[in-house]
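Peer 1: My structure is below; once you've seen it, I'll send some questions.
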Amino acid sequence: MNHKPLGQTGIAIPEIGLGTWGYHGGAEPLRAGLDAGALLIDTAESYGSELVVGEAIEGRRDRVFVATKVSRNHLRRTEVLAAADESLRRLRTDWIDLYQVHEPNAAAPLEETLGAMEDLVDAGKVRFIGVPNFSVPELERARNSMRKYPIVSNQVRYNLADRSIEGGLLAYCQAHEITVIAYSPLGRELQRLHDCDPRNVLAEVAGEVGKSVSQIVLNWCVSHEGVVAIPKGNSIEHVLENCGASGWRLPAEQFRKLDEGILFHRRTEFNSALRRLLPAGATPFLKQCVRRLPPSLRRRLD
Ligand SMILES: NC(=O)c1ccc[n+]([C@@H]2O[C@H](COP(=O)([O-])OP(=O)(O)OC[C@H]3O[C@@H](n4cnc5c(N)ncnc54)[C@H](OP(=O)(O)O)[C@@H]3O)[C@@H](O)[C@H]2O)c1
């Protein structure tokens with residue numbers, strides 16, 4: 001398993017970790033992933049997976065890097081402190097390695113949220129602070145509001161079909177040594193990436209390199225400087241296959257084929273901002289509608 005630096009912290013984390021959104025596989029697949037070197041687990045208070053993560057890391061807590069998130073409706077100071085304690089209880093640990101704001105929320109001042117997180121570092125309950133889904137202006141604001149500790153990571157969607165972060169965010173993170181933690185690196189389901197592959201490049205490259213399609217997709221992702229990925233697999237088979245995406249690199253020719261052959265989109269900042277304004281209840285309904293569209297249209301709206 002290859003490792004990448006975590007921000008400017010001086011520590012390194014595995015380039016393939018274990019995502020747990022919608023996770024229902026029990027402790028065994030997570031333990032198999034940890035045994036295979038994916039010693040980075042991503043969870044969140046809203047995922048409902050902190051309990052099983054706590055079970056999976058029992059007996060090996062010191063060797064696992066645990067990342068969790070405070071929800072967007074818990075971003076006031078007292079709420080952050082209480083949410084962290086609840087996460088610690090569910091994870092059955094004394095510290096969170098990476099505590100992340102799940103999503104910005106205009107209703108709570110960012111400075112207040114991050115100030116509370118810095119207090120959690122001082123209290124020894126959190127080691128490092130990160131953000132997910134922050135744009136460049138939001139990252140600038142976050143970095144400027146930190147009093148003592150740096151923002152070490154930004155967790156954002158990145159895969160062969162959604163390359164929105166290449167519009168400026170990836171370069172910004174690389175320039176400022178903020179680790180990009182790529183979520184949905186398999187496209188949230190592999191079929192979505194096949195939908196963007198009219199010439200069957202994925203299968204072609206997999207055959208040429210002697211790896212599986214999921215390994216090709218993940219390796220493309222972590223081949224980018226400063227990027228680690230956290231695929232979610234519900235079975236031991238999927239988790240181990242995903243761990244096999246590290247320890248080697250796609251040859252330049254196959255990398256180029258993927259870059260040129262897979263149809264991708266880049267969400268604009270405007271599109272992302274518009275999505276955040278949608279009421280929470282509208283998102284599942286809209287996702288259902290998008291799912292019914294033909295692949296070519298779905299790709300553009302997803
Ligand atoms: N910060 C955020 O806002 C945010 C948002 C979304 C996700 N995340 C994080 O990122 C993690 C990963 O993203 P994600 O769960 O959206 O999607 P993902 O990892 O891109 O894809 C998960 C899907 O891929 C399948 N899969 C996994 N390994 C496979 C393999 N080797 N072969 C074929 N299919 C495979 C899984 O099936 P099975 O389940 O059947 O194994 C599941 O359907 C999440 O779990 C979460 O920790 C964060």
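Every number in this text was worked out from the coordinates using simple rules, so none of it is lab data. Not measured: the values here are computed from a predicted model. Here the Cβ is made from the backbone with ideal geometry for all residues, glycine too, and neighbour counts use every protein chain on show.
Peer 1: 222 nm [θ] for the chain, helices only, -39500 (n - 2.57) per DSSP H run of 4+, per residue, to 500?
Peer 2: -12500 deg cm²/dmol
Peer 1: Could you order peptides 56-65, 238-247 by the average number of other Cβ atoms within 10 Å of their residues, highest first?
Peer 2: 238-247, 56-65
Peer 1: Here is a follow-up. How about residue 125: which lysines have a C-alpha closer than 19 Å to its C-alpha, ignoring those fewer than 8 places off in the same chain?
Peer 2: 69, 148
Peer 1: Still on this structure: Let me have the relative contact order for segment 1-159, percent, based on Cα pairs under 8 Å that are six or more residues apart.
Peer 2: 18
Peer 1: Taking segment 142-230, which trypsin sites (Lys or Arg not before Pro) meet the DSSP loop condition and have no more than 10 other C-beta atoms within 10 Å?
Peer 2: In loop regions of segment 142-230 (DSSP not H, G, I, E or B), the sparsely surrounded trypsin sites (Lys or Arg not before Pro) are 147, 148.
Peer 1: Express in nm, to one decimal, how much length is gained between residue 82 and residue 144 on full extension, taking 0.36 nm for each residue of separation and deducting their alpha carbon distance.
Peer 2: Here the segment from residue 82 to residue 144 would lengthen by 19.8 nm.
Peer 1: Which of the lysines could a cross-linker bridge to residue 257, judged by Cα under 20 Å and excluding same-chain residues fewer than eight apart?
Peer 2: Straight-line reach from residue 257, under 20 Å: 211.
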